[in-house]
1. Residue under question is residue A:44, and the condition is that it be out of contact with any helix residue (DSSP H, G or I) (no Cβ under 6 Å at 6 or more places or on another chain) and within 9 Å of chain B (Cβ to nearest Cβ); does it hold?
2. When both residues are 6+ apart or on different chains and their Cβ atoms are under 7 Å apart, which pairs have a first residue that lies in region B:45-63 and is within 9 Å of chain A (Cβ to nearest Cβ) and more than 24 Å from residue A:85 (Cα to Cα), and a second that is part of a strand (DSSP E or B) and modelled with pLDDT of 95 or more?
3. Would you point out the residue of region A:74-92, among those that are outside any loop (DSSP other than H, G, I, E, B) and within 14 Å of chain B (Cβ to nearest Cβ), that is surrounded by the fewest Cβ atoms within 10 Å (Cβ to Cβ)?
4. Within region B:25-44, identify whether any single residue is in contact with a helix residue (DSSP H, G or I) (Cβ under 6 Å, 6 or more places away or on another chain) and either under 16 Å from residue A:90 (Cα atoms) or within 12 Å of another protein chain (Cβ to nearest Cβ) (or both), and answer yes or no.
5. Can you pull out every residue in region A:93-107 that is under 14 Å from the mean Cα position of the chain (by Cα) and either part of a loop (DSSP other than H, G, I, E, B) or within 8 Å of chain B (Cβ to nearest Cβ) (or both)?
6. Give me the residue from region A:55-72 that is within 14 Å of chain B (Cβ to nearest Cβ) and part of a strand (DSSP E or B) and, out of that set, nearest to residue A:19 (Cα to Cα).
7. Considering only region B:8-52, how many residues are touching a strand residue (DSSP E or B) at 6+ places or on another chain (Cβ under 7 Å) and either buried (at least 18 other Cβ atoms within 10 Å of the Cβ) or not in a loop (DSSP other than H, G, I, E, B) (or both)?
């Protein structure tokens, strides 16, 4: 199975800062990575598909990059509504797997 | 607008089974894969498996092969997951998610809580 390692586990920031969240795959997966946001007691929401493709209705401050084994979710100027947990998920091969998540919290 | 409406919370005794449902509106499930994902208390997301409702083909994560059974009824546009031989470790929130292909989960149900307790 492909293992996804997300870092850091927790990121403490103040609103207005820009941040980068990392997701590293245990083997090359091309651009078959997707990013989700999960707010407390809510379902996950798809933010970015196939490493860098935007999703309708998602604010433009969210962007993704990377290919192969290293991927990044960037948030330009964090807003208060962005404090939540972010997961990456690979669809390169079955079984699909998720990273353990990065919690974005208020400093 | 696509909506996935899951069945309500379940309380099951150890050794019994529960069956969860996920009714999709606004999209024909024949044109999508349906995934199931769990989340144990305070933990991350775990992929259980997926079904292709058009032909009933299923794929499971290894640890769920004898635990979960995925089915779908295209006439009612509903996906199902049965969990068998419940143990306390099965206590979790279970989500269904729609995948128009391939591999990303575009829309999610609200989640169904399963609590296993005697």
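The values are calculated or read from the model by the stated rules, or taken from the named source; none is laboratory data. All values reported here derive from a predicted model rather than from experimental measurement. Glycine gets a Cβ as well: all are built from the backbone with ideal geometry, and neighbour counts include every protein chain shown.
1. Details: out of contact with any helix residue (DSSP H, G or I) (no Cβ under 6 Å at 6 or more places or on another chain): yes; within 9 Å of chain B (Cβ to nearest Cβ): yes.
Against the criterion (out of contact with any helix residue (DSSP H, G or I) (no Cβ under 6 Å at 6 or more places or on another chain) and within 9 Å of chain B (Cβ to nearest Cβ)), residue A:44 qualifies.
2. B:59/B:49; B:59/B:50; B:60/B:48; B:60/B:49; B:60/B:68
3. The qualifying residue surrounded by the fewest Cβ atoms within 10 Å (Cβ to Cβ) is A:85.
4. In the first step, residues of region B:25-44 are kept if they are in contact with a helix residue (DSSP H, G or I) (Cβ under 6 Å, 6 or more places away or on another chain); the result is none.
Within region B:25-44, not a single residue is in contact with a helix residue (DSSP H, G or I) (Cβ under 6 Å, 6 or more places away or on another chain) and either under 16 Å from residue A:90 (Cα atoms) or within 12 Å of another protein chain (Cβ to nearest Cβ) (or both).
5. Hits for region A:93-107 are A:97, A:98, A:99, A:100, A:101.
6. Filtering region A:55-72 down to residues within 14 Å of chain B (Cβ to nearest Cβ) leaves A:55-58, A:64, A:71.
When the remaining residues are screened for being part of a strand (DSSP E or B), the result is A:64, A:71.
On the way: A:64: 12, A:71: 14 Å.
Here the answer is A:64.
7. Number satisfying all stated conditions: 28.
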